Amino acid sequence: MLLSELVDGPGADVVVIRDGVETTRAELEATAGGVERAVRERDLGGRAVGVLLSNTAGTIAAWVGIWRAGATFVPLNPRAPVDEIAR
């Protein structure tokens with residue numbers, strides 16, 4: 001599974017490379033944990049969580065954290081008009 005490939009294994013392993021920036025499994029896990037806590041603190045489990053991020057390791061961490069908190073990751077297009085995103 002993709003998720004296990006990202007989060008299971010040695011923390012020092014590089015799991016994302018974007019624009020020459022490497023993100024380790026431990027860094028991804030730490031960010032995902034923060035997102036998971038934030039989603040749980042806001043009692044968003046079972047709900048859709050809109051995410052407006054570009055293609056970065058942070059987006060992947062958000063996906064993992066939201067999923068772990070029992071919510072649904074809903075990517076929003078950063079190029080969409082503001083009115084469409086607000087809807």
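The values are calculated or read from the model by the stated rules, or taken from the named source; none is laboratory data. These numbers were taken from a predicted model, which means no experiment stands behind them. Every residue, glycine as well, gets a Cβ built from its backbone with ideal geometry; the counts of neighbours run over all protein chains shown. All accessible areas refer to the heavy atoms of the entire protein, side chains included, with ligands and DNA or RNA removed. Shrake-Rupley method; radii C 1.70, N 1.55, O 1.52, S 1.80 Å.
Assorted remarks:
- Residues located in the stretch 1-60, provided they are within 25 Å of R79 (Cα to Cα), surrounded by 15 or more Cβ atoms within 10 Å (Cβ to Cβ) and either at pLDDT below 90 or among the aromatic types (F, W, Y) (or both): V16
- T59 within 26 Å of A12 (Cβ to Cβ) and β-branched (V, I, T): yes
- Residues (open to solvent by 40 Å² or more (accessible area, probe 1.4 Å) and of a type in the set (G, A, S)) located in the stretch 61-71: G70
- Being within 11 Å of the chain's Cα centre (by Cα) and of a type in the set (G, A, S) holds for only one residue in A86, A57, A80, A48, and it is A57.
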